[in-house]
1. Roughly how far apart, in whole Å, are the Cα centres of segment 201-266 and segment 108-155?
2. How would Lys226, Lys235, Lys158 rank on accessible area, largest to smallest, probe 1.4 Å?
3. Tell me, what HN-Hα J-couplings in whole Hz come from the Karplus equation 6.51 cos²θ - 1.76 cosθ + 1.60 at θ = phi - 60° for each residue of segment 98-105, using x for Gly and Pro?
4. Heavy atoms of the protein only, probe of 1.4 Å, neighbouring chains included. What is the accessible area of Leu85 in Å², nearest 10?
5. Which is farthest toward the positive dipole end of the chain among Leu240, Gly29, Ala13, measuring Cα position about the Cα centre, with Cβ charges +1 (Lys, Arg) and -1 (Asp, Glu)?
6. Could you pull out every residue, at least 5 positions away or on a different chain, whose amide H is within less than 5 Å of the one on Ala56? Hs are placed 1.01 Å off N in the peptide plane, and Pro or chain starts have none.
7. Taking the chain as a Gaussian network, Cα atoms linked when under 10 Å apart, which of Pro39, Pro245, Pro233 shows the biggest mean-square fluctuation?
8. Sequence gap at least 6, Cα distance under 8 Å: using those rules, report the relative contact order of the chain to the nearest whole percent.
Amino acid sequence: MRLQGARVLLTGAAGGIGAAVAAELARKGARLALLGRNPADLQALLGQLEGGAGTAHGVAVDLLDRAARERAVDDCREQLGGIDLLINCAGAMSFCPLVDEDPAILERIVQLNLAVPMLLARQVLPAMLERGSGRIVNIGSTFGSIGFAWFAAYSASKFGLRGLSEALRRELDGSGVGLTYVAPRAVRTGFNNDAVYRMADATGMKMDDPAWVASRIVNAIEHDAKDVYLGFPEKFFARLNGLLPRLVDGGLRRQNQVMAPFARGS
Ligand SMILES: NC(=O)c1ccc[n+]([C@@H]2O[C@H](COP(=O)([O-])OP(=O)(O)OC[C@H]3O[C@@H](n4cnc5c(N)ncnc54)[C@H](OP(=O)(O)O)[C@@H]3O)[C@@H](O)[C@H]2O)c1
């Protein structure tokens, strides 16, 4: 997909990966509608973008508020004169034993990571299908291919997002509208709390730089990629888990034990 002049709706725009994607897209000459929750964060982001306010505008919205979300998308469509590219980047996670998890947090993770991308796609697709062009990009995770202990709700939501991406990509085949699923491994952003960083140190979990991840996301869009899995050996284990999950059970057993006290906050 050609990004020069492309009209982009990006969620989670003020987050670690979202802001880096916004910067990369602004450099490529895309026109951006940036969705985030916090107006001050969006304002700060707009000030940092190449081309500044000329290439982008921000819309503060809680994506879990259905009426506000639908209105925000309509506003962005009007401002941009249409939407060529939807990037579902907003997300939430929790690192906690399932039995200890706050039910409200469980619901929020599934809503934000799975239901919201589905509903946003449903809202932007009719116009894309009518034009016979456009792309939806879903930011998944390695945890969408390998269910990790202590990340049950997050893994479940990202498995769901991968399933949605596969099904919708097949549904859109031949329509001129494409779908890209990108699965980063851990990334150094505020998404991960202190306990995750300490656990990552203890287990040797590798973490990527958000700017590098953003460059891979944008490259995937430019090449109309169907799915992209980032990081080795994570991308290999994602495939192995699909073929031989019992082998991966055994491989992760020791690591699960090391992770447990961090997840329990003890
Ligand atoms: N960081 C990682 O290790 C990692 C690894 C693999 C995949 N990913 C995926 O990459 C994506 C971006 O992650 P990130 O690292 O950039 O996380 P981040 O820095 O926490 O950014 C997430 C963004 O989502 C926004 N958001 C959360 N709840 C929202 C809501 N109800 N309405 C509107 N916006 C909301 C947040 O806004 P606020 O700032 O207001 O909270 C934040 O700007 C996520 O989908 C995540 O699952 C991340």
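The values are calculated or read from the model by the stated rules, or taken from the named source; none is laboratory data. Bear in mind that the values here come from a model prediction, so they are computed numbers and not experimental data. Every residue, glycine as well, gets a Cβ built from its backbone with ideal geometry; the counts of neighbours run over all protein chains shown. For accessibility, only protein heavy atoms count, side chains too; no ligands or nucleic acids. Shrake-Rupley method; radii C 1.70, N 1.55, O 1.52, S 1.80 Å.
1. 18
2. From most accessible down to least: Lys226, Lys235, Lys158.
3. Each residue's phi maps through the Karplus curve to give 4, 5, 8, 6, 5, x, 5, 5 Hz.
4. 0
5. Toward the positive end, the furthest listed residue is Leu240.
6. It is Leu32, by chain and number.
7. Ranking Pro39, Pro245, Pro233 by mean-square fluctuation puts Pro233 first.
8. Normalised by residue count, the contact order of the chain is 19 percent.
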